[in-house]
Amino acid sequence: MRERPVVKHPHSEHLCPWFQSAMDVLSKPWNGLIMAMLQTKGPLRFSELRAGLTAMGDRMLSERLKELEARGLVLRRVEPGPPVRVGYALTEAGQGFREVAMALSGWGKNFKPASGKPVRRRRPGKAA
């Protein structure tokens, strides 16, 4: 997997480096949802994560899990088989996401888009 170059925002020197680090994780598509699933449902196998994230492909899920593991937020456990089973859980650092998820939920609940209606994302391929 190729690392993308870090692109600095013109105002990034005014941001707290810890805020920027957290945003680097959460700004990648699916990372927040993966961590939220592991936070609420506990350790899950790849197939269980995939079943909960139906619009996400296997390759993307695998890439995101590897990235989260490399950042020390997700722990990958291999259970000897047969069959060999691989499970994923949040590390202690990843458990800190609970506070972030609660804050985002509170903000989302109170956030009113210009239309006054909550924005719901459609799954790809679904008609309006």
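What follows draws every value from the coordinates through simple rules; no lab data is involved. Being a predicted model, the structure only gives us computed values, none of them experimental. Note that each Cβ is placed from the backbone with ideal geometry, even for glycine, and that neighbours are counted across all protein chains shown.
Some points to look at:
- Of the residues screened, Leu38 is one that is in a helix (DSSP H, G or I) and under 25 Å from Glu99 (Cβ atoms).
- Residue count for region 41-77, restricted to those that are in a loop (DSSP other than H, G, I, E, B), surrounded by 15 or more Cβ atoms within 10 Å (Cβ to Cβ) and in contact (Cβ under 8 Å) with a residue 24 or more places away in the chain: 3.
- Residues that are over 15 Å from Glu63 (Cα atoms), out of contact with any strand residue (DSSP E or B) (no Cβ under 8 Å at 6 or more places or on another chain) and in contact (Cβ under 8 Å) with a residue 12 or more places away in the chain, drawn from region 25-40: Ala36
- Just one of the listed residues (Ala89, Ala114) is over 19 Å from Lys28 (Cβ atoms), in contact (Cβ under 8 Å) with a residue 40 or more places away in the chain and either assigned to a loop (DSSP other than H, G, I, E, B) or small (Gly, Ala, Ser) (or both), namely Ala89.
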